[in-house]
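Quick notes on the structure that follows.
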Amino acid sequence: MATLPRPHTKATRDDWVAAARSALGETPIDGLRVLNLAGDLSVSRSSFYWYFADVDELHAELLAIWARNTASIVERCERGTPSIVAACLGVFECWADEALFDPTLDLAVRDWGRRDVEIATRVADADLRRLDAIAAMFAGHGFDPDDSTVRARLLYHSQVGYYAVGTDEPMDVRVAYLPYYLEAMCAAAPTDEELAAFISVLR
């Protein structure tokens with residue numbers, strides 16, 4: 001069997017994915033074009049096809065990365081924590097680390113869902129999984145079912161809203177507001193130790 005020549009390009013599969021993710025601030029997912037991404041990478045467009053059969057395969061890769069947003073939230077909701085405040089701070093780690101939750105990608109997939117019924121269904125399913133996990137987290141700390149549902153919505157929708165309206169605050173401002181958010185969402189004040197532990201994660 002003949003051996004295929006190796007790709008003669010500097011760009012790797014990860015480079016193409018990174019270029020696509022970087023473009024999402026300006027270009028919708030279903031508007032991504034191989035030629036434009038090749039220009040961003042300063043490589044030939046033909047090198048894209050060493051790694052992807054077509055743009056649909058790149059879309060599938062982006063959706064797989066987007067699914068990690070949900071997995072990160074669910075994993076932190078299911079951690080054993082000594083208090084509801086500590087549990088909420090675990091979820092807040094997702095908002096503080098784009099490796100755990102990529103807001104640009106999340107908004108891009110939501111936008112795509114406005115034009116594609118299948119994607120809209122996937123977004124709705126992801127939102128339900130996220131909200132169910134957060135509500136279960138509250139219930140696990142003694143909140144009744146309706147209260148858990150409302151607090152989950154308060155926590156999740158407020159953060160998604162931050163991203164949707166493009167709120168841009170310095171981290172020290174958000175940290176200063178953190179105790180008030182926690183009291184509103186958890187009906188409990190954070191301890192100095194809990195705040196210090198979370199700030200150490202941010203750093």
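Observations
- Filtering region 23-71 to residues that are polar (S, T, N, Q) and outside any helix (DSSP H, G or I) leaves THR27, SER42, SER44.
- Considering residues of region 19-72 that are among the basic types (Lys, Arg) and either touching a strand residue (DSSP E or B) at 6+ places or on another chain (Cβ under 7 Å) or touching a residue at least 24 places away in the same chain (Cβ under 8 Å) (or both) only, the residue farthest from TRP95 (Cα to Cα): ARG21
- Test: residue in region 74-86 that is under 24 Å from HIS157 (Cβ atoms), without any contact (Cβ under 8 Å) to a residue 60 or more places away in the chain and loosely packed, with under 13 Cβ neighbours inside 10 Å: yes
- The residues of region 157-176 that are under 25 Å from ALA196 (Cβ atoms), of a type outside the set (S, T, N, Q), in a helix (DSSP H, G or I) and within 22 Å of the chain's Cα centre (by Cα), listed by number, are TYR162, MET171, ASP172, VAL173, ARG174, VAL175.
- Beta carbons closer than 6 Å, at least 6 apart along the sequence or on distinct chains, pair a first residue in region 175-203 that is loosely packed, with under 14 Cβ neighbours inside 10 Å with a second that is assigned to a helix (DSSP H, G or I) and not aliphatic (A, V, I, L, M) for ALA189/GLU183; VAL201/GLU93.
- Where ARG115 falls short, out of the listed (1) of a type in the set (D, E, K, R); (2) more than 23 Å from PRO179 (Cα to Cα); (3) touching a residue at least 12 places away in the same chain (Cβ under 8 Å); (4) in a helix (DSSP H, G or I): (4)
- Residue count for region 87-112 satisfying the condition of being crowded, with 18+ Cβ neighbours inside 10 Å and not in a helix (DSSP H, G or I): 2.
- Test: residue in region 123-133 that is over 27 Å from PRO28 (Cα atoms), in a helix (DSSP H, G or I) and modelled with pLDDT of 95 or more: yes
The values are calculated or read from the model by the stated rules, or taken from the named source; none is laboratory data. Here the structure is a predicted model, which means the values were calculated and not measured. In this analysis, Cβ positions are derived from the backbone assuming ideal geometry, glycine residues included, and neighbour counts consider all displayed protein chains.
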